[in-house]
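First, the structure itself, so that you have it in front of you.
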Amino acid sequence: MKRVLLFVMFSAVCFGQNAAVTKGLDIYNKTCGTGYCHGVGGTAGGAPRVAARGFDDAYVMQVVRLGIPHTGMPAFGTMERADLLAVVAYVDSLNGVTPPANPNLGAGPVRPKLSAEAQKGREYFADQVRGMTRCSVCHQADGLGFPVTLPLKTIPANLAELVQIKTPELETATAEGDTFPALALDKNGAQPKVYDLTTPPPVLRTFAKGSITFKADSAWKHADMLKPYSEQELELILVFLRAVSKP
């Protein structure tokens with residue numbers, strides 16, 4: 001009887017870990033596996049690989065929660081506790097590590113309960129079927145996505161406003177004989193850094209000082225990025241953004 005009980009307990013723990021890893025894989029693919037960030041399966045992309053690096057659980061937890069200052073790695077500590085633990089469990093699994101059974105993260109943030117429409121919009125926001133044209137490739141909301149662009153100061157009131165969003169922060173950059181739409185992260189530093197928006201996903205590029213010039217305005221249009229979505233899907237994404245945006 002004792003052996004049976006131990007087997008049941010062991011199976012339950014393994015099932016829970018496998019479920020967490022599966023959930024973490026889904027969130028990782030929607031948020032981190034974007035090409036300019038990490039690659040699919042923890043391979044290298046614009047950022048280094050996270051698979052087979054010898055990371056332990058404590059380090060993975062620290063980086064996911066707090067990010068890495070002065071790099072493109074943001075902090076994801078505001079994610080739902082279950083989602084955060086799932087991502088850590090997945091990255092742990094890529095490094096041959098089993099996370100502790102009862103990690104202590106505190107209570108975690110309180111999230112509003114999403115309506116059915118908002119939840120559907122959340123799914124569209126990070127829909128992997130759309131590849132690199134999904135919203136979460138450039139935007140972050142409710143713990144999903146990567147904040148390439150600045151957050152919206154206000155959520156568009158309707159579909160027309162969403163389509164007509166202006167992008168004054170984008171410029172036309174010229175470097176290495178190439179001209180491209182750019183979002184500058186650091187224009188005047190020792191090594192200017194920009195996101196090149198020629199094709200999705202945006203590519204983080206670094207140049208030698210004085211080797212890149214900028215011209216105000218750009219032909220890049222946000223409306224072009226919305227084409228993979230139907231009007232109904234975009235309406236639901238707006239419902240989701242309103243539900244999770246801060247006043």
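Which residues in the stretch 135-177 have a backbone N closer than 11 Å to a point placed 7 Å from the Cα of Thr43 along the Cα-to-Cβ line?
Those under the cut-off are none; the list is empty.
Note down the net charge around Ser115, summing +1 for each Lys or Arg and -1 for each Asp or Glu among other residues with Cβ under 11 Å from its Cβ.
+3
Taking Cα atoms, how many degrees apart are the long axis of helix 116-125 and the longest axis of the chain, rounded to 10 and kept between 0 and 90?
That helix lies at roughly 60 degrees to the long axis.
Then there is this: What is the helix-to-structure angle for 231-244, meaning the angle in degrees between its Cα long axis and the longest Cα principal axis of the chain, kept from 0 to 90 and rounded to the nearest 10?
Tilt relative to the chain: about 70 degrees.
Taking the Cβ of Gly46 as the centre, find all other residues whose Cβ is under 13 Å away and add up their charges (Lys, Arg: +1; Asp, Glu: -1).
Net charge in that neighbourhood comes out at +2.
Right, another one. Counting only pairs 8 or more residues apart or on different chains, how many lysine pairs in the chain have their Cα atoms under 18 Å apart?
12
Ala101 to Arg242: FRET efficiency via 1/(1 + (r/R0)^6), r the Cβ-Cβ distance, R0 30 Å, to the nearest 0.05?
0.20
Still on this structure, please answer the following. With each label point set 7 Å from Cα along the Cα-Cβ vector, what nm distance links Asp186 and Thr154?
3.5
Separate question: Please label the shape of the chain as rounded, prolate or oblate, based on the square roots a ≥ b ≥ c of the eigenvalues of the alpha-carbon gyration tensor (a/c under 1.5 means rounded; beyond that, a/b larger than b/c means prolate, else oblate).
It is oblate, given that a/c is not under 1.5 and a/b is not larger than b/c.
Label point 7 Å out from Ser211 along Cα-to-Cβ: which residues of the stretch 183-200 have amide N under 19 Å?
Once the point is set 7 Å along Cα→Cβ of Ser211, 183-198 turn out to lie under 19 Å by backbone N, inside the stretch 183-200.
Please report the net charge: other residues with Cβ closer than 12 Å to the Cβ of Leu85, K and R +1, D and E -1.
-1
Rule-based calculations on the coordinates, nothing more; no lab input. Model, not experiment: these values are computed from the prediction. All Cβ positions, glycine included, derive from the backbone under ideal geometry; neighbour counts span all protein chains shown.
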